[in-house]
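Written below as structure tokens is the structure these notes are about.
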Amino acid sequence: EMLTRHALEKRRMPKILKNEAKTRAQMFKQSLRLSNIGTPEDDKTKIKNFEESEKKRIKSEQLRQEEKHKRQLKALRDKNEATVKELEQLQAEKRKLLMEQETQKIKELDDQFSSDMNRWKAMLVPRKQALEDHFQRETEEQQSFYADVISKEGAMPPVRSSTVRSKGKDSTVNSRHSTII
């Protein structure tokens, strides 16, 4: 936006300065005619000097405008750079905050998992014991049930007892299962 405005001013400036120079030259010539003090050759020299000073003024005006445009562009760039730095700083702060929140959440989840795992491990032995007791009761019920059936038919087949090793915390927890043959 600023560049288009500067380009437009740069295109219009020579026309404006040229029109001003014409107007000033006419006014100067008119003032020379009114004063009527000097000779025509002096008037020509004065007009020539005036035109040279006008050319210098126009050049200095154009240079002033270019410098003004450069300052405005530099100020805009500096402002944009400051804004970008500020935004980058804000983004870095937000990123840091987000990472801290994520780290905290991961820590909470790890703690919860460890707690759940410890509870599960603590309940593992009692649950296993409850299952073994349940299986033992079922085995005894089956033996008493089949003992009645077998005693009616004849002798009861021998009960083979086997020990199954399963690894627990101490790596040598024994479980006893009876098998009827």
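The values are calculated or read from the model by the stated rules, or taken from the named source; none is laboratory data. Quick caveat: nothing in here was measured; it's all calculated off a predicted structure. Cβ sites come from the backbone with ideal geometry, for glycine too, and all protein chains shown count toward neighbours.
Would you say Glu138 is in contact with a strand residue (DSSP E or B) (Cβ under 9 Å, 6 or more places away or on another chain), over 30 Å from Arg11 (Cβ atoms) and assigned to a helix (DSSP H, G or I)?
Here the answer is no, as Glu138 does not meet what is asked.
On the basis of being in a helix (DSSP H, G or I), at pLDDT below 90 and under 19 Å from Lys10 (Cα atoms), does Glu67 make the cut?
Spelling it out, it is not the case that Glu67 is in a helix (DSSP H, G or I), at pLDDT below 90 and under 19 Å from Lys10 (Cα atoms).
Here is a check on your reading of the model: is Ala7 of a type in the set (Gly, Ala, Ser) and without any contact (Cβ under 8 Å) to a residue 24 or more places away in the chain?
Yes.
Residue-by-condition table, conditions (1) exposed (fewer than 11 other Cβ atoms within 10 Å of the Cβ); (2) assigned by TED's automatic domain parsing to the domain that holds Asn19; (3) of a type in the set (A, V, I, L, M, F, W, C); (4) closer than 22 Å to Glu1 by Cα:
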position: Lys56; (1), (2), (3), (4): yes, yes, no, no
position: Gln62; (1), (2), (3), (4): no, yes, no, yes
position: Gln72; (1), (2), (3), (4): no, yes, no, yes
position: Ala82; (1), (2), (3), (4): yes, yes, yes, yes
position: Ala92; (1), (2), (3), (4): yes, yes, yes, no
position: Pro126; (1), (2), (3), (4): yes, no, no, no
position: Gln129; (1), (2), (3), (4): no, no, no, no
position: His134; (1), (2), (3), (4): yes, no, no, no
position: Glu140; (1), (2), (3), (4): no, no, no, no
